[in-house]
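All remarks here apply to the structure that follows.
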Amino acid sequence: MKCGILGQGATSPDGSANFIHTFVCDDQVIHPVSGESYHSQLTLNTSGFANFQACPAGYPPGSAYGTFEETSVPLPGTGRGIFENVERGEIHIKGTLNCLFAIDMKFKGEVCLKNS
(Lines give C-alpha, C1' and ligand atoms only; values in the text may rest on other atoms or scores of the structure.)
Protein backbone atom coordinates (compact mmCIF):
# COMPACT_ATOMS: atom_id res chain seq x y z
CA MET A 1 0.00 0.00 0.00
CA LYS A 2 1.21 3.49 -0.84
CA CYS A 3 0.20 6.66 0.98
CA GLY A 4 0.54 10.31 0.07
CA ILE A 5 0.61 13.33 2.34
CA LEU A 6 -1.00 16.74 1.97
CA GLY A 7 0.11 19.56 4.25
CA GLN A 8 -1.83 22.74 4.91
CA GLY A 9 -0.13 25.36 7.02
CA ALA A 10 2.85 27.62 7.13
CA THR A 11 6.33 28.26 8.43
CA SER A 12 6.78 31.49 10.40
CA PRO A 13 9.73 33.87 9.95
CA ASP A 14 11.15 32.54 13.27
CA GLY A 15 11.32 29.05 11.73
CA SER A 16 8.40 27.51 13.62
CA ALA A 17 6.14 25.31 11.51
CA ASN A 18 2.49 24.46 12.07
CA PHE A 19 0.59 22.20 9.68
CA ILE A 20 -2.41 19.96 9.39
CA HIS A 21 -1.19 16.87 7.52
CA THR A 22 -3.53 14.34 5.93
CA PHE A 23 -2.27 10.89 4.94
CA VAL A 24 -4.34 9.24 2.20
CA CYS A 25 -3.57 5.71 0.99
CA ASP A 26 -4.25 3.84 -2.25
CA ASP A 27 -6.16 0.95 -0.64
CA GLN A 28 -9.87 0.39 -1.18
CA VAL A 29 -12.25 -0.06 1.74
CA ILE A 30 -15.93 -0.82 1.21
CA HIS A 31 -18.39 1.06 3.43
CA PRO A 32 -20.62 -1.52 5.17
CA VAL A 33 -23.84 0.50 4.77
CA SER A 34 -23.58 2.24 1.40
CA GLY A 35 -21.29 -0.22 -0.40
CA GLU A 36 -19.25 2.71 -1.71
CA SER A 37 -15.46 2.50 -1.66
CA TYR A 38 -13.09 4.89 0.09
CA HIS A 39 -9.40 5.10 0.98
CA SER A 40 -7.71 4.87 4.37
CA GLN A 41 -6.74 8.29 5.68
CA LEU A 42 -5.67 10.03 8.87
CA THR A 43 -5.36 13.71 9.76
CA LEU A 44 -2.49 14.87 11.99
CA ASN A 45 -1.69 18.05 13.90
CA THR A 46 1.94 18.89 13.09
CA SER A 47 4.41 21.34 14.60
CA GLY A 48 8.15 21.74 14.39
CA PHE A 49 10.99 23.86 13.12
CA ALA A 50 12.33 24.70 9.66
CA ASN A 51 15.64 26.16 8.51
CA PHE A 52 15.00 27.59 5.03
CA GLN A 53 17.05 29.96 2.90
CA ALA A 54 15.95 31.89 -0.18
CA CYS A 55 16.99 30.37 -3.50
CA PRO A 56 19.23 32.31 -5.90
CA ALA A 57 17.99 34.06 -9.03
CA GLY A 58 16.89 31.75 -11.81
CA TYR A 59 14.63 29.60 -9.61
CA PRO A 60 10.87 30.11 -9.26
CA PRO A 61 9.95 33.29 -7.36
CA GLY A 62 9.54 32.72 -3.63
CA SER A 63 11.34 29.38 -3.66
CA ALA A 64 13.47 28.27 -0.72
CA TYR A 65 15.67 25.33 0.28
CA GLY A 66 16.62 23.77 3.57
CA THR A 67 15.69 21.23 6.21
CA PHE A 68 12.86 20.73 8.68
CA GLU A 69 11.90 18.55 11.64
CA GLU A 70 8.32 18.08 12.75
CA THR A 71 6.22 16.04 15.15
CA SER A 72 2.72 14.92 14.17
CA VAL A 73 -0.05 13.60 16.42
CA PRO A 74 -3.38 12.15 15.20
CA LEU A 75 -6.50 14.29 15.42
CA PRO A 76 -9.14 12.14 17.17
CA GLY A 77 -12.00 10.95 15.01
CA THR A 78 -10.30 11.59 11.66
CA GLY A 79 -9.17 8.04 10.85
CA ARG A 80 -10.79 6.00 8.09
CA GLY A 81 -10.06 2.50 6.85
CA ILE A 82 -6.96 1.02 8.51
CA PHE A 83 -6.65 4.20 10.61
CA GLU A 84 -10.18 4.02 12.02
CA ASN A 85 -10.18 4.33 15.83
CA VAL A 86 -6.63 5.70 16.02
CA GLU A 87 -6.62 7.56 19.32
CA ARG A 88 -2.98 8.46 19.95
CA GLY A 89 0.55 8.23 18.64
CA GLU A 90 3.39 10.35 17.41
CA ILE A 91 5.23 10.51 14.12
CA HIS A 92 8.56 12.32 13.77
CA ILE A 93 9.34 13.75 10.35
CA LYS A 94 12.73 14.87 9.05
CA GLY A 95 12.80 16.41 5.63
CA THR A 96 14.42 18.56 3.00
CA LEU A 97 13.05 21.08 0.51
CA ASN A 98 14.89 22.08 -2.67
CA CYS A 99 14.61 25.17 -4.88
CA LEU A 100 12.21 23.40 -7.27
CA PHE A 101 9.77 22.70 -4.40
CA ALA A 102 10.62 18.98 -4.18
CA ILE A 103 10.12 17.70 -0.62
CA ASP A 104 11.70 14.51 0.73
CA MET A 105 10.60 13.20 4.13
CA LYS A 106 11.55 10.35 6.44
CA PHE A 107 9.02 9.17 9.01
CA LYS A 108 9.57 7.42 12.33
CA GLY A 109 6.99 6.63 14.99
CA GLU A 110 3.69 4.89 15.55
CA VAL A 111 -0.03 5.43 15.93
CA CYS A 112 -2.13 3.36 18.32
CA LEU A 113 -5.52 1.83 17.70
CA LYS A 114 -8.24 2.08 20.33
CA ASN A 115 -8.73 -1.15 22.29
CA SER A 116 -12.17 -2.67 21.84
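The values are calculated or read from the model by the stated rules, or taken from the named source; none is laboratory data. Predicted model only: the values in this text are computed from it and were never measured. In this analysis, Cβ positions are derived from the backbone assuming ideal geometry, glycine residues included, and neighbour counts consider all displayed protein chains. SASA here: full protein model, heavy atoms, side chains in, ligands and nucleic acids out. Shrake-Rupley method; radii C 1.70, N 1.55, O 1.52, S 1.80 Å.
Taking the criterion of being free of Cβ contacts under 8 Å to residues at least 24 places away in the same chain, charged (D, E, K, R) and open to solvent by less than 100 Å² (accessible area, probe 1.4 Å), would at least one residue in region 67-80 satisfy it? Looking for residues that are free of Cβ contacts under 8 Å to residues at least 24 places away in the same chain, charged (D, E, K, R) and open to solvent by less than 100 Å² (accessible area, probe 1.4 Å), one finds none in region 67-80, hence no. Among the residues of region 81-107, those identified as within 30 Å of HIS31 (Cα to Cα) and assigned to a strand (DSSP E or B) are VAL86, GLU87, ARG88, GLY89, GLU90, ILE91, PHE107. Restricting attention to region 25-55, the residues being open to solvent by 70 Å² or more (accessible area, probe 1.4 Å), under 13 Å from GLU70 (Cβ atoms) and either outside any strand (DSSP E or B) or β-branched (Val, Ile, Thr) (or both) number 0. Condition check for ASN98 on (1) open to solvent by 30 Å² or more (accessible area, probe 1.4 Å); (2) touching a residue at least 40 places away in the same chain (Cβ under 8 Å); (3) in contact with a Phe, Trp or Tyr (Cβ under 6 Å, 6 or more places away or on another chain): one failure, at (2). Residue-level analysis places SER63 outside the set of residues that are in contact with a Leu (Cβ under 6 Å, 6 or more places away or on another chain) and open to solvent by less than 60 Å² (accessible area, probe 1.4 Å).
Report whether or not ARG88 is in contact with a Pro (Cβ under 8 Å, 6 or more places away or on another chain) and open to solvent by 100 Å² or more (accessible area, probe 1.4 Å). Yes.
Screening SER12 with (1) surrounded by fewer than 18 Cβ atoms within 10 Å (Cβ to Cβ); (2) at pLDDT 90 or above; (3) of a type outside the set (D, E, K, R) gives one miss only, at (2).
Listed conditions (1) open to solvent by 60 Å² or more (accessible area, probe 1.4 Å); (2) touching a residue at least 12 places away in the same chain (Cβ under 8 Å); (3) within 13 Å of the chain's Cα centre (by Cα); (4) within 18 Å of GLY4 (Cα to Cα) are all met by ASN18, apart from (4).
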